[in-house]
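Rule-based calculations on the coordinates, nothing more; no lab input. Small disclaimer: the values here were computed from a predicted structure and weren't measured. Glycine also receives a Cβ, built like all others from the backbone with ideal geometry; neighbour counts cover every protein chain displayed.
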Amino acid sequence: MIAFLEIIYFIFFSISVISFLIYIYKSLRKQSDFKYFLITLLFFVINIFIDNELSNLVINEIKTEINNSNKIIFINDNKNQIEINKNSPELKINTSSRKHSEKKIENYLLMSPKNIRIILKEDSKSKGKFWIKYPKYYFSNIKAIGYLEVNSR
């Protein structure tokens, strides 16, 4: 389902970019055709909803993996490993659509027995807040889908 939505997302994004370019071209040639602008707007709005649904689906998959894992290890940028209980309040994933900035340094959350790795990038302004990137899917690898607040002790 997630892979299908990723494909739809990128197709709709491509259509909206192309229709916007056509609209600009026609506007410059004094043949203003407002339908291309409406197409751009429509596909852009649809992409916002697809983006939210993709984030929710990936977060639900991560929560399922956390619940099914035996051991969860937080690995920080110094390669220190901290074991986290899967019922810990630190593993509450929060969604956020606000703009954020993240450091380039990657931390990881490693879940066994499947050896699932989640990339955590610390917020540049809030210590202990980590933005989640899930490398299993292209969408969640390039875009933070939510955040964790981890006390790295």
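Annotations for the structure displayed:
- So Ser140, is it of a type in the set (Gly, Ala, Ser), over 14 Å from Ile72 (Cα atoms) and in contact (Cβ under 8 Å) with a residue 40 or more places away in the chain: yes
- So Asn76, is it out of contact with any Phe, Trp or Tyr (no Cβ under 8 Å at 6 or more places or on another chain), surrounded by fewer than 14 Cβ atoms within 10 Å (Cβ to Cβ) and of a type outside the set (Lys, Arg): no
- Residue that is nearest to Gly146 (Cα to Cα), among those in region 9-58 that are of a type outside the set (Ser, Thr, Tyr) and not in a helix (DSSP H, G or I): Asp33
- Selection status of Ser112, under 30 Å from Ile7 (Cα atoms) and of a type in the set (Ser, Thr, Tyr): yes
- The residue of region 39-73 that is surrounded by the fewest Cβ atoms within 10 Å (Cβ to Cβ), among those that are touching an Asp or Glu at 6+ places or on another chain (Cβ under 8 Å) and not β-branched (Val, Ile, Thr), is Lys71.
- In region 74-102, the residues that are under 30 Å from Asn52 (Cβ atoms) and assigned to a strand (DSSP E or B): Phe74, Ile75, Ile84, Asn94, Glu102
- Ser32 meets each of the listed conditions (1) without any contact (Cβ under 8 Å) to a residue 60 or more places away in the chain; (2) touching a Ser or Thr at 6+ places or on another chain (Cβ under 9 Å) apart from (2).
- Some residue of region 112-122 being closer than 29 Å to Tyr9 by Cα, of a type in the set (Ser, Thr, Tyr) and in contact with a Ser or Thr (Cβ under 7 Å, 6 or more places away or on another chain): no
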